[in-house]
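So the structure is just underneath, and the comments pick up after that.
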Ligand SMILES: Cc1cc2nc3c(=O)[nH]c(=O)nc-3n(C[C@H](O)[C@H](O)[C@H](O)COP(=O)(O)O)c2cc1C
């Protein structure tokens, strides 16, 4: 609307009607923009049959991460990952076709490294992995056999290395934080968690509106039920504490701010992870990528108000003396950076 038209509009239309029209326009924008967003998502997300390189890397990373999680289990289950083994060889074959330099591909190397550790640990324990081997081509198996073990698989985390975390410079604290999915049995100090939440309050947010809300769950029964709905840490014992980060939609003022709560809540989540780490507590972020049913069930279980949307969970507990976790090797900054001059 031009300035002139806007002035005429304000002069002629009574305030309540003008406001109703404005609200209607916002609502229409919200639905239209959400549909456009859905179309873009639908055009681009990775599907089983995708052959485009990044989409393939996504799926291979997803599957290799399952292997890394299995390798990290305190209660190691030989022969785990049958579904992953059924899917991974064909995807690796597609990657070989999509990337002429696939041997140097970060995701390929991580996958080979995780499979290498799988192979070594089974062979060392005298377990038969001829079925797994039969699924790969001879060339793929050779890659697995000769993979560099430091490019993926599992790593060991020791509690003793966390004692001076509060004194570490940022770069070291950040480098040594890892998601830990197994915790010691001892109760967690709630005051430390509250201190970490206070530290995370320094997280920036849009116009300093601070839309993030924190639900600290300490009831073991509710934790079990919440994680059963979440579904991303099956097979692990429950943590002593579970945090749900949400965003309060009442903090937003236009239709096009609809995703901002996830940005602000995500930033808060990272601050909280590092704050917990600096206070010597172990943690693991968990997704809240809920279906409509999981969202409904979670809302009911945790008594979440309609105005809040889940952003992520964070499991919290004390470190075990020694535990394993996924190596989760990263791309380099250069690999993800486009410089615009
Ligand atoms: C938003 C988010 C959701 C995640 N969801 C899960 C999950 O559902 N289950 C899980 O085991 N790990 C989950 N993770 C942990 C990731 O696997 C982990 O952060 C990643 O592999 C990088 O490893 P690091 O945290 O040890 O550096 C999640 C991480 C983030 C940031």
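Values in this text are rule-based calculations from the coordinates and carry no lab data. Since we're looking at a predicted model, the values are computed, not measured. As a convention, Cβ positions derive from the backbone with ideal geometry for all residues, glycine included, and neighbour counts pool all protein chains shown.
To one decimal place, what Kirkwood hydrodynamic radius in Å is obtained for region 156-325 from all pairs of distinct Cα atoms?
Radius from the Kirkwood sum: 16.5 Å.
Could you identify which residue out of 278, 19, 64 has the top mean-square fluctuation in a GNM of the chain using Cα springs shorter than 10 Å?
Checking each option, the largest mean-square fluctuation is seen for 19.
Could you work out the relative contact order of region 53-152, using alpha carbon pairs under 8 angstrom and six or more residues apart, expressed as a whole percent?
Details: 92 pairs, mean separation 34.0, N = 100.
Relative contact order comes out at 34 percent.
What percent does the relative contact order of region 111-234 come to when contacts are Cα pairs within less than 8 Å and at least six residues apart?
22
Calculate the spin-label point distance for residue 146 paired with residue 121, positioning each point 7 Å from the Cα along the beta-carbon direction, and give it in nanometres.
2.5
Out of every Cα pair in region 94-152, what percent are spaced more than 14 Å from each other?
56
Tell me the angle of helix 260-278 to the major Cα principal axis of the chain, expressed in degrees between 0 and 90 and rounded to the nearest ten.
Relative to the chain, helix 260-278 is tipped by roughly 50 degrees.
Just to confirm the number: angle between the C-alpha axis of helix 106-124 and the first principal axis of the chain, 0 to 90 degrees, nearest 10?
40
Of 190, 253, 245, which has the largest mean-square fluctuation in a 10 Å C-alpha GNM of the chain?
253
Binned at 10 Å from 0, what are the whole-percent values of the Cα-Cα distance distribution for region 3-44, short to long?
Calculated P(r), rounded to whole percents: 26, 32, 22, 16, 4.
Please express the shape of the chain as an equivalent ellipsoid: the semi-axes are the square roots of 5 times the eigenvalues of the C-alpha gyration tensor, given largest first in whole angstrom.
Calculated on Cα positions only, the semi-axes equal 41, 28, 19 Å.
Could you tell me the center-to-center distance, by alpha carbons, between region 26-92 and region 6-22 in angstrom?
For region 26-92 versus region 6-22, the Cα centre distance is 48 Å.
How many percent of the alpha carbon pairs in region 1-156 exceed a separation of 24 Å?
50
Using 5 Å bins from zero, what percent of all Cα-Cα pairs in region 213-284 falls into each bin?
Histogram of Cα-Cα distances, whole percents per bin: 3, 13, 20, 20, 20, 13, 7, 3, 0.
Among 319, 183, 136, determine the one that fluctuates most according to a GNM of the chain built with springs between C-alpha atoms less than 10 Å apart.
The residue with the greatest mean-square fluctuation here is 136.
For the Cα atoms of the chain, what angle does the longest principal axis make with the long axis of helix 53-72, in degrees from 0 to 90, nearest 10?
In the chain, helix 53-72 runs at an angle near 60 degrees to the longest axis.
Could you check how many percent of all C-alpha pairs in region 255-341 are farther apart than 19 Å?
Beyond 19 Å sits 61 percent of the P(r) for region 255-341.
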